[in-house]
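Let me begin by presenting the structure, written as structure tokens, before commenting on it.
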Amino acid sequence: MIIEEADALAHVDEIAATPGVDVIFVGTGDLAFSLGLREQQAHPRVEAAALDVLAAALRHGKVAGRPAGSAEQTQRYIEQGFLFFQAPSDLALLEAGAQQFLGPLGIRAPRRQRTLY
């Protein structure tokens, strides 16, 4: 089950208690937007909500998950108790690996334009 709406936070214990639901995943991007914090997934309110979801999942014996953009983030989230992760896309991982090789040569990827959505 994905928690990505502010309204779902009020019902997170009910959601976590639902039979057949094994993983409670925090969709931080959509949740931030729903909280009026567009593109602010690291905002303290979003982080607090993620920890509330984690606590509900643990209370009901469920696995909690969330997006993780780096190994450092993933490790921090594991230490918090999250065990399921949405990693960067295969293209982002390929780009990061290419930059490790090309960066020392002074070759950088062009900056991508941001979408408006």
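Laid out as a table, the results:
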item	result
Among GLY61, GLY97, GLY69: highest mean-square fluctuation, GNM of the chain, C-alpha pairs under 10 Å	GLY97
Ranked THR28, THR18, THR74, criterion: other C-beta atoms within 10 Å, fewest first	THR18, THR74, THR28
Length-normalised contact order of the chain in % [C-alpha pairs under 8 Å, at least 6 apart]	21
Over the chain: helical MRE at 222 nm, DSSP H runs n ≥ 4 each giving -39500 (n - 2.57), nearest 500	-13500 deg cm²/dmol
The chain: most fluctuating residue of ILE24, ILE15, ILE107 per GNM, C-alpha cutoff 10 Å	ILE107
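We did not get these values from a lab; they are worked out from the coordinates using the rules stated. In this text the structure is predicted, and so the values were computed from the model without any measurement. Cβ sites come from the backbone with ideal geometry, for glycine too, and all protein chains shown count toward neighbours.
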